[in-house]
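The structure under discussion appears below in the form of structure tokens.
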Amino acid sequence: MSADDLLRVDDLHKRFGDEEVLKGVSFEMAPQDVQVLIGPSGSGKSTLLRCVNRLTEYEQGEITLDGTPTSEMDENDLRRQVGMVFQDFNLFAHRTAKGNVTLGLRQVLGLSKEEADSRAMAQLDQVGLADQADSYPAELSGGQKQRVGIARALAMDPKLLLFDEPTSALDPELIGEVLGVMRDLADQGMTMLCVTHEMGFARQAATDIMFLDGGQIVEHGPPDTLFEDPERERTGQFLERLTSLHGDDG
Amino acid sequence: MPCPVPVPGGLSPDWQYVLENACYLGDGLAVTIELTVVSLLVGFAAGLPAGVVEVYGHRSGSRPVRWASGLVRNAGVVLRGTPIVVIIMLTYFAAGISPAFLAATVSLGFRSAAYQAQIFRGAIESVDRGQMEAARAVGLSKVQSIRHVVLPQALRRSVPGFQNEVTIVLKDTSIAFAIGLAELLTNSYDLFQSIGHTTAIFEVILFVSGLYFVLTVSANRALEALNDAVAIPGGERG
């Protein structure tokens, strides 16, 4: 743990009714880190992400962004600084690709229409979709939708991007284009916390992989260590299964 | 006042009588249309916020908003549970709101608000939860998210339900007959009650029914056109 951590999660507990989903999760992320969060379904991965931008409130523990406890920040201000990309895209169905990107720029950052439009176009260009700026979500493929979703989050110039299984709802042949954008972002130094089971991406882009099981981080380390020499048998088994399912095709 | 509508020859005396008085019925028709439009606007102005408050209000952190939500919900139950003739008589005779046009507007308007609130509530609840979540995740406040993301989609989905409501309000303006407002039905009643013309009941009522029918069909066509005009290209999958 160091003073210049961008994100620090400390002893996070979250329960839904009687079930404790997160049982004391702690980790840190330095600027430009790409952390990949893996784990069986129901292990609390999505819940953990959603606690970071406070889409879900938690009972115990502290999350700090750039030195400020997020519980003390205005939630809208926090979310402006922490972008999120969803499994189901959640593009605003009534707005064009460009309109999806400009909404936050106009309403949250208060940019003029011209500024918002030009920033949105630049962002769409970065994800390779400038030519689809005027298309509505229903007119886009899954991969294109997700790239718009990434552009929408990026446009706010966030300090941290959260990815919640960004490729899980995609046809296999569309996964590559989304992972390509994510790899570019990682190369450009974007700090990213990703729930994903794309092991090719994890091997190539991740600084660290965290294995979440039963509401706790049971193993945490650089990809090479986790893939080659995991401390726990459970981690090794899980990774083996993922690799055979989601290979290195990313 | 002489009516400029030409009356063709060869008609039965009762039909001749109807056409000679077409302008009198036209005056009633104008009141009916006016009453419909104003009542629907009152219903929209009150019903849309009521629908929003019903969906989001009871979970609000603010006590006045939760209180308003409860009030809106109960007012809706009362308005939907009371016959419109009773409402209009209460408004005009018991509460003494006059003139009759105002009493009719208040009655039809707030009754419509109660129904429109349900149309909007249903439409709002049908918008995928992920839409609100994505808006909040970008940093929009709850109110901004409702205004810029949920409502634009919910309003589009409200058009078919609203179409129904327009038809109902339009026909229910005839209830203003109960307080003597000079709308279409009241004026037609005057015609066949006039001395020497009581045999024209059938002709008058048939003519007036035709007018109501033309109005409802036109209003429905117009709203279908609106529905097409605001449809999201490609459908609604976000």
Exercise for the section: Determine, for B:33, B:179, the number of other Cβ atoms within 10 Å of each Cβ, and report the residues in order from fewest to most. Expected result: B:33, B:179
Practice task
For residue A:14, list the aspartates and glutamates whose Cα falls under 17 Å from its own Cα; do not include residues on the same chain fewer than 8 positions away.
Solution key: A:57, A:59, A:62, A:213
Problem - Positive-end residue of A:64, A:96, B:198, charge dipole of the protein assembly as shown with Cβ unit charges - result: B:198
Practice task
Find which of B:116, B:226, B:180 sits farthest along the positive direction of the dipole of the stretch B:13-230, computed with +1 on the beta-carbon of Lys and Arg, -1 on that of Asp and Glu, about the Cα centre.
Solution key: B:116
Completion exercise
Quick note on A:152, B:136, ordering by fewest other C-beta atoms within 10 Å, gives B:136, A:152
Problem - Reachable lysines from residue A:98, criterion Cα separation under 16 angstrom, eight or more residues apart if same chain - result: A:113, A:145
Problem - Which of A:241, A:8, A:79 has the fewest Cβ neighbours within 10 Å, and the rest in rising order - result: A:241, A:8, A:79
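Under 15 Å from the Cβ of residue B:165, count the other residues' Cβ atoms, weight Lys and Arg +1, Asp and Glu -1, and hand me the total.
Its environment carries a net charge of +3.
Bear in mind that the values in this text are calculations on the coordinates, not laboratory data. The model shown is predicted, which means the values in this text are computed figures rather than measured ones. Note that each Cβ is placed from the backbone with ideal geometry, even for glycine, and that neighbours are counted across all protein chains shown.
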